[in-house]
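Coordinate-derived values only; no laboratory data. What you see is a predicted model, and the numbers here were worked out from it, not measured in a lab. Cβ placement follows ideal geometry from the backbone for every residue including glycine, while neighbour counts extend to all protein chains displayed.
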Amino acid sequence: MIAELHNKIANGEVKIAALVGEYVARARADTRNIFREVYSDRDIAAQVAVAEAMLAEGKSTALTGIPVAIKDNILFAGHVAGASSKMLEHYTASYDSTAVAQLRAAGAVIIGRTNMDEFAMGSSTENSAYGVTKNPLDEMRVPGGSSGGSAAAVAAHLAVVSLGSDTGGSIRQPAAFCGLVGLLPTYGTVSRHGLIAMASSLDVIGPFTRTVEDAELLYNTIAVQDSFDSTSVARKKEKSILKKKIAVPKGLFDDGADKEVKQKFDTVCGKLLEKGFVIEEIDLSHFVDALAVYYILQPAEVSSNLARLDGVRYGDRMSDKSVLDMYKETRGQLFGKEVRRRILLGTYVLSHGYYDAYYNKAVALRSLIRAELEKAFETYDAIITPTTPTPAFRIGEKAHDPVSMYLSDLYTVPANIAQMPALSVPSGKTTEGLPLGVQFIGPQHGEGTLFVLGKMVEQFPL
Amino acid sequence: MSIDIQKLADLARIRVSDDEAEALAGDLENIVRFVDIVQSRDVSGVPTVAGEVNVFRDDVVAPLATVYDLVEVAPESQDHFVKVPKIIE
């Protein structure tokens, strides 16, 4: 998609200003609460001018002039980055995140910031302080989350591609719910500098695209080692040599996945068999523990990371009576329900008397989950699962039951826990017409193999 | 199991009303029951650090944003200092 557009831009068939104008007009007219903000015409025109100059000087890249949307937790200097929270409603970024700096250097045109679950906590965008985003493919349903707005923007043709962030499935799950490709890169290959932190050992920025080729292109653009993020690592570009063996975790459907999800998953596996792949069920005894481990480590890191939002340095302040009152009123009034719930949960698992029972145990289990997957990748190219246990659910369906909402991340969380890459690719639609996705998990730095597998699945008639 | 929400809220510096505390206690108890499965797993001999290594970089001055830019985004500031309520009576 991007390559075609780029060719048309390069040969003059498509004018950058016209292309961007079309997308911006649609984004402004949207009524599904997809964008938190479409940037001003003046702002976008300035970016278009930069892209046009790059083109005129023969310095264009594949992304030059391509309209891109970013999640509301990714900093773009001079623009509000609100994390879809009342807490940061008036926070303007003082600098560019590294991912945005990379996009700008490539000449991409960032047209706006997209709605998300507040501070990326959620699986539906229902936790946004500004209301839910409607799924463009069925407006009664959620687009997934937490990067639901970024997924919906691409699905609704309001941006060619977009960036989200994935802490436990927040790119892959909405990609599956909106019929898109979503990539969770290897932890550390995309800098977290300028990403509003949720759970730092799990957070990764990644792309939403229509094709695997575009996901690869965007990943190649944003993945750079960066001294501003001490967990940043250099990419190891290993040539992908397929073993042609793929693993399925045993007991994948024990927790009752949707019947059509299983059918589509079986169809994809069948097509891979036809391509000469061996598919084997393997015993990953800790795979299912990942979700419990996640709901200990993630809130623990949340409670620590969000301590900085206290009415002193960013956003708004709700009381000036005393320092303690300022902290409590600001955090009590400006954090939404799910954010408060997770901060308290994190405070609980880290508190004296529970630290060993929960946090330390979860850290140890994390090592076991990672070791188990590393061992599997000695034999297999990738692990395949459905991306989600169900297609997009109805707005309100899970809003009052946190645990059932958390279960929608069952298949996506293990890759974050192990800090390994995973790619969600569309795997057809249910009889009701709702999109589904399959996920390939690879070893660290195994993106190359994931792209090869993803491109194969794209060609399957599903 | 009963979780003392007001104690946690105090530690986390979040004002929570008593009505909400009751609902939150129920939510947290459900979640803790869900994650309790980790207690039954044997992790003896597994280190409780994940094998991370320290990464160092040279201590060089590099421009990012200016102090003025950063103070500017604070809710209240004066003469390029962040302003907070009185701490010492």
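Residues A:Y348, A:Y95, B:Y68 in ascending order of nearby Cβ atoms (within 10 Å, fewest first): B:Y68, A:Y95, A:Y348. Exposure proxy shown here: for B:H80, A:H79, the number of other Cβ atoms within 10 Å sets the order, fewest to most, as B:H80, A:H79. For the protein assembly as shown, a simple Cβ point-charge model (Lys and Arg +1, Asp and Glu -1, everything else neutral) yields a dipole of about 820 debye relative to the Cα centre.
The packing ranking, built from the mean of other Cβ atoms within 10 Å per residue, places the peptides A:441-450, A:159-168 in the order A:159-168, A:441-450, highest first. For chain A, the relative contact order works out to 17 percent when only alpha carbon pairs closer than 8 Å and six or more residues apart are counted. Spin-label model, A:E89 to A:T379: label points 7 Å out along the Cα-to-beta-carbon direction sit 5.6 nm apart. Spacing of the modelled spin labels on A:Q459 and B:E89, each 7 Å from Cα toward Cβ, amounts to 7.6 nm. Its DSSP H runs of at least 4 residues, each contributing -39,500 (n - 2.57), put the calculated 222 nm mean residue ellipticity of chain A at -11500 deg cm²/dmol, to the nearest 500. With contacts taken as Cα pairs under 8 Å and at least 6 residues apart, chain B reaches a relative contact order of 16 percent. Just name one of B:V61, B:S17, B:V71: the one whose Cα is farthest towards the positive end of the charge dipole of chain B (beta-carbon charges, Lys/Arg +1, Asp/Glu -1). Final value for the positive-end residue is B:V61. Couplings 3J(HN,Hα) for the range A:301-317, derived from phi with the Karplus relation 6.51 cos²θ - 1.76 cosθ + 1.60 (θ = phi - 60°), are 5, 4, 4, 6, 5, 7, 5, 6, 9, 9, x, 9, 9, 10, x, 10, 10 Hz, where x marks Gly and Pro.
Taking a ≥ b ≥ c as the square roots of the Cα gyration tensor eigenvalues, the range A:99-206 comes out oblate, since a/c reaches at least 1.5 and a/b does not exceed b/c. Set the Förster radius R0 to 25 Å, insert the Cβ-Cβ distance between A:Q333 and B:E22 as r into 1/(1 + (r/R0)^6), and round the FRET efficiency to 0.05. It comes out at approximately 0.85. Every helix of 4 or more DSSP H residues in chain B counts as -39500 (n - 2.57), and over all residues that averages to -10500 deg cm²/dmol at 222 nm. Here each label is just a point 7 Å from Cα along the line to Cβ, and for B:N30 and B:D59 those points are 5.1 nm apart. Close amide H pairs (under 5 Å, H built 1.01 Å from N) link A:R36 with A:R113, A:T114, A:N115, residues at least 5 positions away or on another chain.
Please average, across the residues of A:90-102, the number of beta carbons from any other chain that are within 10 Å of each residue's own beta carbon, and give a whole number.
2
Pop the C-beta distance of A:T267 and A:H400 into the FRET formula with R0 = 41 Å and round what comes out to the nearest 0.05. Once the sixth-power term is evaluated, E becomes 0.75. A simple rule links phi to the HN-Hα coupling: the Karplus curve 6.51 cos²θ - 1.76 cosθ + 1.60 with θ = phi - 60°, which for the range A:196-206 gives 5, 5, 10, 10, 5, 7, 10, 5, 9, 7, x Hz, with x for Gly and Pro. Summary of packing: across the peptides A:307-314, A:118-125, the per-residue average of other C-beta atoms within 10 Å ranks them, highest first, as A:118-125, A:307-314. Between A:I110 and A:V68, the built amide H atoms are under 5 Å apart, and every one of these is 5 or more places off in sequence or on another chain. Remark: A:M318, A:M116, A:M140 ranked as A:M140, A:M318, A:M116, counting other beta-carbon atoms within 10 Å and listing the fewest first. Residues in the range A:80-92 carry Karplus couplings, in order, of 5, 10, x, 6, 6, 10, 4, 4, 10, 3, 10, 8, 9 Hz; the curve used is 6.51 cos²θ - 1.76 cosθ + 1.60 with θ = phi - 60°, and Gly or Pro positions show x.
FRET efficiency for A:A357 and A:D41, Cβ-Cβ distance as r, R0 = 51 Å, nearest 0.05?
0.35
Among the trypsin sites (Lys or Arg not before Pro) found in chain B, those both in a DSSP coil and sparsely packed, with 11 or fewer other Cβ atoms within 10 Å of their Cβ, are B:R57, B:K86. Highest mean packing first, where packing is the average number of other Cβ atoms within 10 Å per residue, the peptides A:80-86, B:70-76 line up as A:80-86, B:70-76. Residue pairs exceeding 23 angstrom between C-alpha atoms, taken from A:K429/A:K455; A:K375/A:K429; A:K236/A:K262; A:K86/B:K83: A:K375/A:K429; A:K236/A:K262. Annotation: amide H-H contacts under 5 Å for A:S427 (H modelled 1.01 Å from N, sequence separation of 5 or more, or interchain): A:L436, A:G437, A:V438. With contacts taken as Cα pairs under 8 Å at a separation of at least 6 residues, the range A:200-341 carries a relative contact order of 16 percent.
Each part reduced to its alpha carbon centroid, the range A:392-462 and the range A:173-206 end up 13 Å apart.
Find the centroid of the Cα atoms in the range B:23-53 and in the range A:306-329, then give the distance between the two in whole Å. Centre-to-centre distance over Cα atoms comes out at 31 Å.
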